[in-house]
Amino acid sequence: MISKQKGCLDLYGTNAKKWQYVSKVFESLMEKYNYNYIRTPIFEASELFHRGIGETTDVVTKETYDFKDRGDRDITLRPEGTAGIVRSYIENKMYGDANQPVKLFYNGTMYRYERPQAGRDREFTQFGVEVLGSNDPLIDAEVISIPVMFLQMLGLRGVKVKINSLGDKESRDNYRQALIDYFKPHINELCEDCNDRLLKNPLRILDCKVDKDNALLKNAPKTLDYLNEESKKRFETVKEYLDELEIEYEVDSRLVRGLDYYNHTVFEIEASVEGFGSNNVLAGGGRYNSLVNQLDGPQTDCIGFACGVGRIVQALDLEEVKLPIIDDLEVFVMYVSDTEKKYATSLMHYLRANGFRVDTEYTGRGLKAQFKQADRLKAKYLIILNDEDLAKDEVKIKNNKTKEEELVSVDYLLYYLDEHLSDEDLDDLDIDDCKCGHHEENHKCCGHCHHEEEEE
Ligand code: HAM
């Protein structure tokens with residue numbers, strides 16, 4: 001038997017439904033924020049990631065999937081979405097579009113050759129956004145608000161927002177020097193990679209996975225102490241907008257992020273759910289005002305974030321959030337004879353075309369086994385075809401919960417199902433008891449209410 005590769009996932013069954021639901025919620029949120037979908041290739045020229053993400057980052061030095069294609073080109077599977085989108089923005093001259101800033105969102109698989117563990121995969125899916133062409137602090141706050149609102153809409157409660165500022169180039173240069181001065185006398189206490197990082201890119205020492213518990217790192221200089229006045233003021237304004245949006249956050253002056261392109265605002269959203277483990281960052285992002293220029297485009301101020309879908313679903317599972325995923329069937333059509341089977345074929349087609357979720361029997365089972373199959377599929381209504389009823393243009397319908405049966409004229413069937421299924425939906429929802437305020441009586445519940453808690 002051939003097994004899947006380490007750190008990869010086969011997505012199927014209920015888990016696949018959860019991912020689909022999470023994906024739909026993200027896409028509908030993107031409509032509300034007026035972001036446009038973008039899809040860029042899964043593989044790109046290796047140089048893009050080396051120059052874009054940074055030669056000294058762990059992602060580039062240790063984690064990329066690199067290969068030569070049959071034309072002897074150096075190719076890399078994308079380890080993240082930002083660099084590819086910036087390449088596309090430059091190549092397609094989006095900076096010339098009348099609508100500025102360019103607000104984009106994506107949903108795709110990324111590849112990092114990491115040591116597989118819970119929450120850290122080699123192939124994983126990110127949802128993310130990139131805003132290209134604005135340095136307005138309002139956009140910083142808005143971009144932070146997206147994953148916050150997204151996680152709230154999914155019903156996740158245990159999340160913590162951490163923000164920091166790396167400042168502009170002058171502030172970053174001052175901070176870089178402060179780190180070199182601080183670490184230099186202790187160089188022997190750091191791992192081999194950090195020795196190498198000291199002069200090339202001392203910021204990377206702060207997210208070293210080997211030295212992460214070393215007290216030296218914990219007591220290292222803080223970015224906020226090296227911000228110049230302008231950067232400080234900018235950071236204050238971002239915080240004011242976050243307050244306007246009523247987003248709770250914690251300033252973490254040690255947050256530097258693992259990719260090189262950031263300046264000014266950086267942020268992460270952590271799951272504070274019990275049992276999550278150490279890979280608990282659900283979303284991360286920040287401002288990158290130099291990247292477009294660095295990749296040969298015009299000076300363009302940008303900000304974005306990405307979140308790990310696998311980690312989000314894991315957090316939802318741990319918090320036991322019940323997602324409103326469809327795991328039942330509206331109608332199961334049953335038959336025995338060949339003529340009934342033919343009738344079933346056209347009837348299903350007719351019902352599906354009219355918007356019902358319908359299934360039938362495909363393995364030649366008898367009626368008794370078909371009832372069991374209908375139960376397994378959680379069918380709400382059974383249509384039990386019978387040649388005699390069909391001769392009168394009628395079908396037998398059974399409510400699979402109450403077990404009540406009725407003979408219904410085929411002409412009346414759509415109306416019957418419409419009526420009865422919408423009554424059931426309302427019965428399931430307990431709308432009268434709901435105090436969430438998200439819906440009016442007789443309208444469908446938003447599906448995100450936590451009725452029991454609201455009642456406490
Ligand atoms: P990142 O922090 O490398 O940032 O990744 C963002 C999120 O992707 C993480 O917070 C995590 O949830 C998820 N993630 C990362 N690596 C893995 C992995 N190996 N397995 C499972 N999930 C993972 C970026 O990728 C930036 N491009 C974000 C950004 C966009 N910054 C500006 N714009």
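Only residues that are near the ligand (Cβ under 10 Å from one of its atoms), of a type in the set (S, T, N, Q) and surrounded by 14 or more Cβ atoms within 10 Å (Cβ to Cβ) were counted across region 72-122, and they come to 1. Among the candidates Phe67, Phe127, the residue that is within 14 Å of the ligand (Cβ to nearest atom) and either under 19 Å from the mean Cα position of the chain (by Cα) or open to solvent by 20 Å² or more (accessible area, probe 1.4 Å) (or both) is uniquely Phe127. Kindly indicate whether any position in region 151-163 is outside any loop (DSSP other than H, G, I, E, B) and closer than 22 Å to Leu77 by Cα. Checked against the condition, which is being outside any loop (DSSP other than H, G, I, E, B) and closer than 22 Å to Leu77 by Cα, region 151-163 yields no hits at all. When Asn15, Asn34 are screened for being within 16 Å of the ligand (Cβ to nearest atom) and either open to solvent by 50 Å² or more (accessible area, probe 1.4 Å) or of a type in the set (D, E, K, R) (or both), only Asn15 passes.
Total residues in region 143-167 satisfying the condition of being open to solvent by 20 Å² or more (accessible area, probe 1.4 Å) and in contact with a His (Cβ under 7 Å, 6 or more places away or on another chain): the figure is 1. Annotation note: of Asp140, Asp136, the sole residue that is open to solvent by less than 60 Å² (accessible area, probe 1.4 Å) and more than 9 Å from the ligand (Cβ to nearest atom) is Asp140.
Annotation note: Cβ proximity below 8 Å between a residue of region 85-104 that is closer than 19 Å to Gln126 by Cα and assigned by TED's automatic domain parsing to the domain that holds Glu130 and a residue that is open to solvent by less than 30 Å² (accessible area, probe 1.4 Å) and modelled with pLDDT under 95 (sequence gap 6+ or interchain) occurs for Val86/Gly52; Arg87/Gly52. Applying a threshold of 9 Å to beta carbon distances and a minimum spacing of six or more residues, or different chains, the list of pairs starting in region 250-279 at a residue that is on the phi > 0 side of the Ramachandran plot and of a type in the set (D, E, K, R) and ending at one that is modelled with pLDDT of 95 or more and within 11 Å of the ligand (Cβ to nearest atom) reads Arg257/Val266; Arg257/Phe267; Arg257/Glu268; Arg257/Gly284; Arg257/Gly285; Arg257/Gly286.
Quick one: in region 326-340, which of the residues that are among the charged types (D, E, K, R) and in a loop (DSSP other than H, G, I, E, B) is modelled with the highest pLDDT?
Let us first name the residues in region 326-340 that are among the charged types (D, E, K, R), namely 327-328, 330, 338, 340.
If we keep only those that are in a loop (DSSP other than H, G, I, E, B) as well, we get 327-328.
Values: Asp327: 91, Asp328: 95.
Selected residue: Asp328.
Just a yes or no: is a residue in region 387-407 open to solvent by less than 60 Å² (accessible area, probe 1.4 Å) and of a type in the set (Gly, Ala, Ser)?
If we filter region 387-407 for residues that are open to solvent by less than 60 Å² (accessible area, probe 1.4 Å), which is where we start, we get 389-390, 394-395, 397-400.
The next check asks that each one be of a type in the set (Gly, Ala, Ser); those that pass are none.
Within region 387-407, not a single residue is open to solvent by less than 60 Å² (accessible area, probe 1.4 Å) and of a type in the set (Gly, Ala, Ser).
Across region 320-363, the number of residues qualifying as of a type in the set (Val, Ile, Thr) and surrounded by fewer than 19 Cβ atoms within 10 Å (Cβ to Cβ) comes to 7.
Residues considered: Asp136, Asp121. Of these, the only one that is out of contact with any Leu (no Cβ under 8 Å at 6 or more places or on another chain) and of a type in the set (D, E, K, R) is Asp136.
The values are calculated or read from the model by the stated rules, or taken from the named source; none is laboratory data. Being a predicted model, the structure only gives us computed values, none of them experimental. Quick reminder, even Gly has a Cβ in these numbers, built from the backbone with ideal geometry, and neighbours come from all protein chains shown. SASA here: full protein model, heavy atoms, side chains in, ligands and nucleic acids out. Shrake-Rupley method; radii C 1.70, N 1.55, O 1.52, S 1.80 Å.
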